[in-house]
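To start, the structure itself, in structure tokens.
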Amino acid sequence: MTATLEVRDLKTHFFTRAGVVRAVDGVSFAVDRGKVLGLVGESGSGKTVTGFSIMGLVDPPGRIAGGKILFKGRDLASLSEEEMRALRGNRIAMIFQDPMMTLNPVLRIDTQMIETVQAHERVSREEARQRARDALGQVGIPSPDERLRSYPHQFSGGMRQRVAIAIALLHKPDVIVADEPTTALDVTIQGQILAEAQKLCRVTGTAMIWITHDLSVVAGLADDIAVMYAGRVVEQGPVDEVLDAPFHPYTVGLIGSVPSRNRRGEPLRQIPGMTPSLLDLPAGCTFRARCPRAEPRCAEPPPMAEYSPGRFARCIHPYNVPEMAA
Amino acid sequence: MSAAVQEVAGAGLAPRAPVMELRGVSRRFSRGLDLAAKVAQRLGAPVKEEIVHAVDGVDLSIAKGEVVGLVGESGCGKSTLGRMVAGILPPSDGAILWRGRDLRSLNGADAREAKLRTQMIFQDPYASLNPRLKVAEIVGEAPMVHGIVRRRDLEPYVDEQMRRAGLDPAFRRRYPHQFSGGQRQRIGIARALAVQPDFLVCDEAVAALDVSIQAQILNLFMKLRRELDLTYLFISHDLGVVEHLSDRVVIMYLGRVVEAAPAEEVFRRANHPYTQALLSEVPRIETRKRAFAGVKGEIPSPLNPPPGCHFHPRCPHAFDRCRVERPALKPVAAGHTSACHLNDRT
Ligand SMILES: Nc1ncnc2c1ncn2[C@@H]1O[C@H](COP(=O)(O)OP(=O)(O)OP(=O)(O)O)[C@@H](O)[C@H]1O
Ligand SMILES: Nc1ncnc2c1ncn2[C@@H]1O[C@H](COP(=O)(O)OP(=O)(O)O)[C@@H](O)[C@H]1O
Ligand code: SF4
Ligand SMILES: [Mg+2]
Ligand SMILES: [Mg+2]
């Protein structure tokens, strides 16, 4: 079975005056129908650029410099802008951290939603309105008829995000890329949105890439996890296995610094130093300077290795590897 | 640290003399009318200015050396409360007692001391630092102005504050934009420490930082607490962070305190339905593939809060009384208070 979406050795670089920013530099992963991949990493690690690359939204000075983005086996990176436009918002949709990236502040919600429906399907206005109403109901917006006649500024942040999600749902896409959609929201509202996302995968079989820096959200939501560091995936595998027995020292450090993983009141385990500048990445393993397990061999770039079935890490000296493989 | 925790937790019943005490503190803001509304009002239309009850009748007492975590959702009044505690915003009603003395009654040197002793650390370190000043000036300005240090001692003094906050004094001539987010927060901390406070109000001080950097800054706060015997009001929407470092936790909803208790008690035996809902929605790294549910309904607007218990429209247990009568904050266990009518029911 081919995955719904497969990203293979994706490279997206920004050719700036200060030099080439290798924001995404050899990223690979796959998501199946009805599954959620949690893409985690700290700010600047390349999560958003990965999402934009999938959507074909990378603008100059950036461009996809290599690799493949296979949507049901078809390479998106090789499509024309017109072909991509036919897929975007239709078969592949994105939910942004800021819902106003999706919403137009001067248009009523019904206008925006009806336009979106009619952009990809020949349906009557009335039918499109019905679809919009259903989508709003689906994301838990009360009195959808009344809400359709409102403008975005008349909604709270959480409701705006739900409208943006409803718009992403209009065509029951095969793939949704969600870029930190709940980061700015309160926990009780975040819970509502995560519940919607779960339902969506289950009911419509959408494959989802959920981008976040919050490991706890990924723990509750995702099937698989890919951890990014400085433009690369450094570890990936099933969520339970990665969170319970991480291989890569960076993953170990990230999990260790979550407060609930520490004894109350004791100093938190912390990763020393900070993320390197993408313009000036160290040779070899880019985590080397912060890594407690670094050794001279780490000055060579470590390959992505499968240390146990379905579990990969880009490290020559991983933790928690089962005896046989190590 | 653990010694201090035990001391305070043990003192749950008879806390040490409070350094800060809030009695029935409220703060209202009026949302000014726009021009059209003003004209309409002039012409006799029944247009009223909108009043936000940002903080509504809060009692709170903070003992010396205590770390009090203040939690609640966006707009519930945490920052407003924090600013009043820090003495940079006067309450509309009620009294704030600093070391037993009403802040309003202080003047001259006393008022100045009260202000310096309580310092505030903000979420966005960048917005709170003057981009045109070098770090040494940012950190050294206030202690110079207030005569805490003489000019010829300033340089070593600034170096000491920077080191304490975990910044290399070699960076003293750099500007804020030349630092990372975590380092900028350290600059904010060094600036606050430079006036020798004994009380820090931290308003979402780690919210903008990545987890690995957040851990570094939280560790710094805990180290400073030990070294300088600081008291903290630690405002955060992140319950994991609050659980980790607070002795006591105060939960706010729409301007009011709904529950307050020692940290472990809140996380083990939350009493208020809002606290329970909040805790059940917090994603935890230990909980896998859970079914999310969400608390039904929206957070109501503080412009027009529901009558009675503010939480009643979203509360699964609400009954008639909740819709009309404001529940008082009452003891439910040692050192544990909650404002919910259900507690009167048995
Ligand atoms: N200067 C002001 N003028 C008018 N309204 C204000 C002012 N300051 C705060 N408010 C209102 O008071 C309420 C409480 O605001 P506050 O900033 O204290 O909330 P908060 O709990 O800190 O929220 P957040 O978690 O989003 O920081 C909000 O409705 C806010 O809009
Ligand atoms: N338009 C651009 N020009 C130059 N660099 C960029 C541009 N957009 C993103 N980058 C860089 O790419 C890197 C990855 O960014 P991003 O994907 O937004 O990170 P994340 O979403 O993980 O926080 C960052 O170093 C960022 O500065
Ligand atoms: S390759 Fe070396 S430096 Fe990199 S994470 Fe592994 S042990 Fe650490
Ligand atoms: Mg991003
Ligand atoms: Mg605030």
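Nothing in this text is a laboratory measurement; each read-out follows from the coordinates by a stated rule. Being a predicted model, the structure only gives us computed values, none of them experimental. Note that we place each Cβ from the backbone using ideal geometry, even for glycine, and neighbour counts take in every protein chain shown.
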Phi-based couplings in Hz for segment A:101-118 (Karplus 6.51, -1.76, 1.60; Gly and Pro marked x): 5, 8, 8, 9, x, 9, 10, 5, 4, 5, 4, 5, 6, 5, 4, 4, 4, 6
Take every DSSP beta bridge with both residues inside the protein assembly as shown and express the antiparallel ones as a percent of the total, to the nearest 5. 60 percent
Of B:Ser236, B:Ala261, B:Ala208, farthest towards positive along the dipole that unit charges on Lys, Arg, Asp, Glu beta carbons give segment B:195-282: B:Ala261
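First check a/c for the protein assembly as shown, with a ≥ b ≥ c the square roots of the eigenvalues of its C-alpha gyration tensor; if it is under 1.5, answer rounded, and if not, answer prolate when a/b is larger than b/c or oblate otherwise.
Working: a/c = 1.68, a/b = 1.21, b/c = 1.39.
Since a/c reaches 1.5 but b/c is at least a/b, the shape of the protein assembly as shown is classed as oblate.
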Most exposed first by the Cβ proxy, i.e. fewest other Cβ within 10 Å, how do B:Trp98, A:Trp210 rank? B:Trp98, A:Trp210
Would you give the gap between the C-alpha center of segment A:132-149 and the C-alpha center of segment B:204-277, rounded to a whole Å? 36 Å
Can you give the charge dipole size of segment A:16-88 about its Cα centre, rounded to the nearest 20 debye, using +1 on the beta carbon of Lys and Arg and -1 on the beta carbon of Asp and Glu? 120 debye
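For chain B, which DSSP H helices look membrane-span-like by this rule: Cα extent along the axis of 24 Å or more and mean Kyte-Doolittle of at least -0.5?
Numbers: long enough: B:211-228 (25 Å, 0.40).
Helices meeting the criterion: B:211-228.
If you add up the charges near B:Phe122, with Lys and Arg at +1 and Asp and Glu at -1, over every other residue whose beta carbon is less than 10 angstrom from its beta carbon, what do you get? Could you put the intermediate results ahead of the total?
Numbers: positive: none; negative: B:Asp124, B:Asp203, B:Glu204.
With Lys, Arg at +1 and Asp, Glu at -1, the net is -3.
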Average Cα contact separation per residue, segment A:92-203, under 8 Å, 6 or more apart, as relative contact order %: 41 percent
Under the definition of Cα pairs under 8 Å and six or more residues apart, what whole-number percent is the relative contact order of chain A? 20 percent
Three-way shape call for segment B:18-345 based on the alpha-carbon gyration tensor, with the a/c threshold at 1.5: prolate
Name the residues of segment B:58-77 whose amide N is less than 16 Å from a point 7 angstrom out from the Cα of A:Arg264 along the C-beta direction? B:66-71
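Would you order A:Arg88, B:Arg269 from fewest to most other beta-carbon atoms within 10 Å of each residue's own beta-carbon? Could you put the intermediate results ahead of the total?
On the way: A:Arg88 20, B:Arg269 13.
By the 10 Å Cβ count, ascending: B:Arg269, A:Arg88.
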Where does helix A:125-138 land angle-wise versus the long Cα axis of chain A, in degrees 0 to 90, nearest 10? 50 degrees
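Whats the longest run of chain A with zero GluC sites (Glu not before Pro) that are DSSP loop and have at most 13 other Cβ atoms within 10 Å?
Values: sites that count: A:Glu121, A:Glu323.
After excluding every exposed loop site, the longest remaining stretch is A:122-322.
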Give me the one-decimal nm value for the distance between modelled label points at A:Ser124 and B:Ala109, 7 Å along each residue's Cα-to-Cβ direction. 8.5 nm
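Could you work out the mean count of beta carbons from other protein chains within 10 Å of each residue's beta carbon in A:267-275?
Working: counts 7, 12, 3, 10, 6, 2, 3, 8, 4.
Partner-chain Cβ atoms within 10 Å, mean over residues of A:267-275: 6.
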FRET efficiency, B:Leu43 to A:Val106 (Cβ-Cβ, R0 45 Å, nearest 0.05): 0.95
Spelling it out for B:Glu50: with amide H atoms placed in the peptide plane at 1.01 Å from N, the residues 5 or more places away or on another chain with amide H under 5 Å from its amide H are B:Arg31
Which cross-chain or sequence-distant (5 or more) residues have an amide H under 5 Å from the amide H of A:Val233, H modelled 1.01 Å from N in plane? A:Ser28
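Using a Förster radius of 51 Å, what is the FRET efficiency between B:Arg151 and A:Arg74 based on their Cβ-Cβ separation? Nearest 0.05, please.
The formula returns an efficiency of 0.10 here.
Take the alpha carbon gyration tensor of segment B:203-346, find the square roots of its eigenvalues, order them as a ≥ b ≥ c, and report rounded if a/c is under 1.5; if not, report prolate when a/b exceeds b/c, else oblate. Intermediate values should be presented prior to the final figure.
Numbers: a/c = 1.98, a/b = 1.59, b/c = 1.25.
Taking the square roots of the gyration eigenvalues as a ≥ b ≥ c, segment B:203-346 is prolate.
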Computed [θ] at 222 nm, helices only, for the protein assembly as shown once each DSSP H run of length n ≥ 4 contributes -39500 (n - 2.57): -9500 deg cm²/dmol
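Using unit Cβ charges (K, R positive; D, E negative) and no other charged atoms, how large, in debye to the nearest 20, is the dipole of segment B:195-346 about its Cα centre? Write out the running numbers ahead of the final one.
Details: 18 positive and 18 negative charges, 128 e Å.
Charge dipole of segment B:195-346: 620 debye, to the nearest 20.
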Under a straight-distance cross-link criterion of Cα-Cα below 18 Å, which lysines are reachable from A:Lys172, leaving out those fewer than 8 residues away in the same chain? A:Lys35, A:Lys72, A:Lys199
Under unit Cβ charges (Lys, Arg +1; Asp, Glu -1), what dipole magnitude, rounded to 20 debye, does segment B:18-345 have relative to its Cα centre? 400 debye
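Starting with the fewest neighbours, write out B:Asp229, A:Asp280 ranked by other beta-carbon atoms found within 10 Å of each beta-carbon. Could you put the intermediate results ahead of the total?
Details: B:Asp229 11, A:Asp280 8.
The fewest-first ordering by Cβ neighbours comes to A:Asp280, B:Asp229.
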Alpha carbon centre of segment A:155-232 versus segment A:80-116: separation in Å? 16 Å
